[in-house]
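What follows is a set of notes on a single structure, which appears directly below.
The values are calculated or read from the model by the stated rules, or taken from the named source; none is laboratory data. Please read all numbers here as calculations on a predicted model, not as lab measurements. Positions of Cβ are backbone-derived with ideal geometry, glycine not excepted, and every protein chain shown enters the neighbour counts. These accessible areas exclude ligands, DNA and RNA; they are computed on the full protein's heavy atoms, side chains included. Shrake-Rupley method; radii C 1.70, N 1.55, O 1.52, S 1.80 Å.
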Amino acid sequence: MINNKPPRDGYGEALLDLCRNDENILVLDADVAKSTRTIWVKEQFPNKFLDVGISEQDLIGISAGLASEGIVPFASTYGVFLSGRGFDQIRTTVCYDDLNVKLVGAHAGISVGPDGATHQALEDMALMSVLPNMTLIAPCDSNEAYSATMAMFKHKGPCYIRFGREAIPLFTNKEDDFQIGKAKVLKEGNDCTVFACGSMVHEALMAQEILEKEGISISVVNVHTIKPLDNETVLKFAKKTNCAVIAQEHQKIGGLCGVVSQYLAQTYPVPIEYVGVADTFGESGEPAELMKAYGLTKNDIVLAVKASISKKK
Amino acid sequence: MEKIIRKDILEMIHSAKSGHPGGALSAVEIMSALYFSDVFRYDVNDSAMENRDRFILSKGHAAPVLYAVLGNAGFFDKKHFKTLRKFGSILQGHPHAKHLNGCDMSAGSLGQGLSIAVGKALALRMKNIDANVYCLVGDGELQEGQIWEATMSAAQLKLDNLCLIVDYNGIQLDGNVADIKDVYPLKEKFESFNFNVIEVDGHNKEELIKAYKMFKANVGKPTAIIAKTVKGKGVSFMENNANWHGLAPNDEELKLALKEIEGGLK
């Protein structure tokens, strides 16, 4: 039996461990500390926490200043506001000066649900993936969010991590090896490869089970780091299966879909199908209802795999 | 020194054939009172010295005044001046800290410097480093909302090691600040935001040094020095003229300008 847990819990647990080790960090939030779990730091290590109020641009600027003086800031708020409202600050201050700022985009994807389109970050990965010096990570569950946070702390340079609000299946272990830029092969099959990140990784695993019963054998690769992309693994599996599906809880444009497609177009073109939001805004609804309505379920992956295989020469 | 800085600014921009003389010339005394006095702690041989004071140029288009000051202070060879805005130069159109010794932060997109200064001032306090952070903004730049986010943060955190300097020259690219989006009165605004406010003639070096010392003596609040200046100061045909916000002088104009500067400020 698989338990469900929100990835932000893994983020909060990692922050607490960093505080316990008395690492040189400051956790910053912009008035959503309960949602991002940074409130745990506020409660247990108040001298490691700063709430800057409802001001995302200032959040990023202050974090940049802290980073330039050797303190590692974790700038946390909703991904939609962090990447959108703060884009110029992230570009021109954080990335241009290659500052060691950790940007944490919570409540990403359509599964944030009832709050509706204004709060559903469906463009953040596209925005962050075009920035020079940026590292972009989308962990697949709470344990991977923990490992990714620890890895981000050790990594020097701008990082953006994004995860959703909902409790999603917990199927990895905190002890699993996690390396930024090193994708994880979860299943190996010959007919097609699904490259997925974030919440879509578990959907891909479930799709694999369905397809297996139908006699279709697929590979599932968890590409938790979108940038820098694990070119080697992507190429290896493109060659192995000669077609692919890319799945992300995000617009189909940009993000993992963008970087994998671009890389394969240059190196080893294969048919690709996308599972993501089709160039539209979201709306209010229950998370599961929205994931279904916007084509982000295991069944959508199953259909995409079949479509991709059918295009193989 | 101020004559040399003005001359360097104009020659640099003339050589680049583009740039922003107006807002660089208005900030000459603000900068020289900081760097060429006993106010600002720095060591040209150790630009990463832990207890150095930090300077953030938020109005990045005034880069030539920063370059002239850093070059004359000895952070890099003045021979670079003639490479301003040219391919491969350490002197980018707007400052890029990575390539420029003595420059603490890149700038160019307005309104961001004060937040960075808040982060730096906070970090210095967290690390018990006795040093101050100075941040220069333009008055037109105060139209950027982020400035006020940062102003509230600085006051909330009681950053008395943070000194904001407003180059109050009254003119922005498209015309008079008051005609476009009025940001005044400045003293009352910053006071109501819980800043220690000092008003000063921004072309009087002695007054500026006195203001910086008042900032250093001030406890419990961040300081804003409102420096009343003249855009294009020192060159009569550039003074108070928005056309010279972002225009390079031609050969003839440079000759006239340098002659005026040699004659001293009026």
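Here are the numbers for the structure shown:
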quantity	calculated
Residue list for the stretch B:190-199, restricted to those being open to solvent by 20 Å² or more (accessible area, probe 1.4 Å) and touching a residue at least 24 places away in the same chain (Cβ under 8 Å)	B:F193, B:N194, B:N196, B:V197, B:E199
Flag for B:G113 being buried (at least 20 other Cβ atoms within 10 Å of the Cβ) and within 20 Å of B:Y67 (Cβ to Cβ)	yes
Residue that is nearest to B:E188 (Cα to Cα) [pool: residues in the stretch B:200-257 that are of a type outside the set (A, V, I, L, M), open to solvent by less than 10 Å² (accessible area, probe 1.4 Å) and in contact with a Gly (Cβ under 7 Å, 6 or more places away or on another chain)]	B:T229
Residue match in the stretch A:116-124 (condition: crowded, with 20+ Cβ neighbours inside 10 Å, more than 16 Å from the chain's Cα centre (by Cα) and assigned by TED's automatic domain parsing to the domain that holds A:R20)	no
Checklist (1) under 29 Å from A:R37 (Cα atoms); (2) without any contact (Cβ under 8 Å) to a residue 40 or more places away in the chain applied to A:E209, failing item	(1)
Candidate set: the stretch B:116-142, residues that are within 14 Å of B:G60 (Cβ to Cβ) and assigned to a helix (DSSP H, G or I); chosen: the one nearest to the other protein chains (Cβ to nearest Cβ)	B:I116
Check on A:H107, more than 7 Å from chain B (Cβ to nearest Cβ) and open to solvent by 10 Å² or more (accessible area, probe 1.4 Å)	no
In the stretch B:66-83, the residues that are among the basic types (K, R) and in contact (Cβ under 8 Å) with a residue 24 or more places away in the chain	B:K78, B:K82
Those helices (runs of 4 or more DSSP H) lying entirely in the stretch A:28-73 with at least 1 residues away from every other protein chain (no Cβ under 13 Å) and either in contact with a strand residue (DSSP E or B) (Cβ under 8 Å, 6 or more places away or on another chain) or buried (at least 20 other Cβ atoms within 10 Å of the Cβ) (or both)	A:33-36, A:39-44
Single condition A:D97 does not satisfy, out of (1) in the same structural domain as A:L59 (by TED's automatic domain parsing); (2) closer than 27 Å to A:L18 by Cα; (3) surrounded by fewer than 19 Cβ atoms within 10 Å (Cβ to Cβ)	(3)
Long-range neighbours under 8 Å by Cβ, at least six apart or interchain, first residue away from chain A (no Cβ under 11 Å) within the stretch B:145-171, second open to solvent by 20 Å² or more (accessible area, probe 1.4 Å) and in a helix (DSSP H, G or I)	B:N161/B:R125; B:G170/B:A178; B:I171/B:A242
Exclusive hit being modelled with pLDDT of 95 or more, under 19 Å from the mean Cα position of the chain (by Cα) and closer than 30 Å to A:A247 by Cα, set A:G79, A:G113	A:G79
Residue selected from the stretch A:130-147 under the condition of a type outside the set (D, E) and under 15 Å from A:A108 (Cα atoms), by the criterion nearest to the chain's Cα centre (by Cα)	A:A138
Selected residue (criterion: nearest to A:H107 (Cα to Cα)) from residues of the stretch A:17-27 that are over 22 Å from the mean Cα position of the chain (by Cα) and assigned to a helix (DSSP H, G or I)	A:C19
Count - residues of the stretch B:222-261 that are over 19 Å from B:D174 (Cβ atoms) and out of contact with any helix residue (DSSP H, G or I) (no Cβ under 7 Å at 6 or more places or on another chain)	10
Verdict on A:I180 being touching a His at 6+ places or on another chain (Cβ under 6 Å) and open to solvent by 10 Å² or more (accessible area, probe 1.4 Å)	yes
Residues located in the stretch B:72-115, provided they are hydrophobic (A, V, I, L, M, F, W, C) and within 14 Å of chain A (Cβ to nearest Cβ)	B:A97, B:L100, B:C103, B:M105, B:A107, B:L110, B:L114
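Okay, residues lined up against (1) touching a helix residue (DSSP H, G or I) at 6+ places or on another chain (Cβ under 6 Å); (2) open to solvent by 10 Å² or more (accessible area, probe 1.4 Å); (3) not in a loop (DSSP other than H, G, I, E, B):
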{"site": "A:Y146", "(1), (2), (3)": "yes, yes, yes"}
{"site": "A:T149", "(1), (2), (3)": "yes, no, yes"}
{"site": "A:E166", "(1), (2), (3)": "yes, yes, no"}
{"site": "A:K174", "(1), (2), (3)": "yes, yes, no"}
{"site": "A:I216", "(1), (2), (3)": "no, yes, no"}
